[in-house]
Amino acid sequence: MLKEPALVVLYVSPGVAADGGGFYITASGQIKPIPPRDPIFNELTSAVHILAHVGNIKNTKVRNEMKIMAEQTISEASKKILSQD
């Protein structure tokens, strides 16, 4: 489990999923731009997808390892994103 929220995002614009850039809105209401093809956001969204679907993995050991790795990736990517501001 993530120990502390590194970045709380309430909304991500649709263009981001298609790697076209866009924006996100933080829990505090700040609107932040996302440049196209930003590898940090690609990494973050991939880890979020893994975390969202890891429960479908039947092998407990694999599921737990994937969950830990996804959480670590989310934490590290969030810190990188916050350091860009």
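The values are calculated or read from the model by the stated rules, or taken from the named source; none is laboratory data. Nothing here was measured: the structure is a model prediction, and the numbers come from that model. Positions of Cβ are generated from backbone atoms using ideal geometry, with glycine treated the same way; all protein chains shown enter the neighbour counts.
Odds and ends about this structure:
- Number of the exception - I25 against (1) in a strand (DSSP E or B); (2) within 9 Å of the chain's Cα centre (by Cα): (2)
- Qualifying positions in segment 36-75 - modelled with pLDDT of 90 or more, of a type in the set (D, E) and out of contact with any Leu (no Cβ under 9 Å at 6 or more places or on another chain): E65
- Hits in segment 47-84 (condition: crowded, with 16+ Cβ neighbours inside 10 Å, of a type in the set (A, V, I, L, M) and either in contact with a strand residue (DSSP E or B) (Cβ under 9 Å, 6 or more places away or on another chain) or in contact (Cβ under 8 Å) with a residue 40 or more places away in the chain (or both)): I74, I81
- Scanning segment 26-35 for residues that are surrounded by fewer than 12 Cβ atoms within 10 Å (Cβ to Cβ) and of a type in the set (A, V, I, L, M), we see that the one that is modelled with the lowest pLDDT is A27.
- Boolean, S78 is outside any helix (DSSP H, G or I), small (G, A, S) and on the phi < 0 side of the Ramachandran plot: no
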